[in-house]
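Novice: Questions regarding the structure given below will be posed in turn.
The values are calculated or read from the model by the stated rules, or taken from the named source; none is laboratory data. Being a predicted model, the structure only gives us computed values, none of them experimental. Please note: Cβ atoms are built from the backbone with ideal geometry, for glycine as well, and neighbour counts cover all protein chains shown. Protein only, heavy atoms only, side chains kept; ligands, DNA and RNA dropped before computing areas. Shrake-Rupley method; radii C 1.70, N 1.55, O 1.52, S 1.80 Å.
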Amino acid sequence: MANVNPGPAVTSTPSQLAVLTPVNTLGPTVPGQGGNALRLICVARAVPLSGTGDVVTLPIINASLWSPVTIVFSNALVNGVSGSIAAANVGIFTAAAGGGTVIRTAGVLTGMTTSAVVLVNPAAAAAAALSFATTPLFLNATVAVAGGTVDCFVYGYDLS
């Protein structure tokens, strides 16, 4: 019972482990480190939208089996200044050139007129598949915005 009431002079934090590797070591009924919580699956910063095709690959961060939940686009810039990239048409796929399973259906970034955040649900095919082992993901642009860039974050559950 040494930690029942350690008092105000405690110099340690209750959570001293960085939750970078969610590993289940406690068995199938008790989640291990990180508890398989919703986490960042992959990220791409300053994605150039001035061209079309596969503009960037998003490497999966430390997960061999994962399920997508939310895709966040933020920090819309045009030539380095906050601006509208709402006309940009982008999709996220598990294979190059828009192939494989659709994680985000290709579509315009409605609402991306400033550095505001836009949340996007995964495509129905991605939600139905439940889990993926593919790495990396491909962000494919079909309509470009000259000088436009955006940040892209894919959140989901690490099932590995």
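Novice: When the accessible area of the range 55-160 is computed with all protein chains present and a 1.4 Å probe, what percentage of it is carbon and sulfur?
Specialist: Roughly 62 percent of what the probe reaches on the range 55-160 is carbon or sulfur.
Novice: Under a plain spin-label model, where a point goes 7 Å from the Cα along Cα-to-Cβ, how far apart in nm are residue 128 and residue 106?
Specialist: Each label point is offset 7 Å from its Cα along the Cβ direction, giving 2.0 nm.
Novice: Can you compute the modelled spin-label distance between residue 160 and residue 142, with each label point 7 Å from Cα toward Cβ, in nm?
Specialist: Taking the simple label geometry, residue 160 and residue 142 are separated by 3.1 nm.
Novice: Which shape class, rounded, prolate or oblate, goes with the range 58-160 when its Cα gyration tensor gives a ≥ b ≥ c as root eigenvalues, a/c under 1.5 marks rounded, and past that a/b bigger than b/c marks prolate?
Specialist: Verdict is prolate for the range 58-160.
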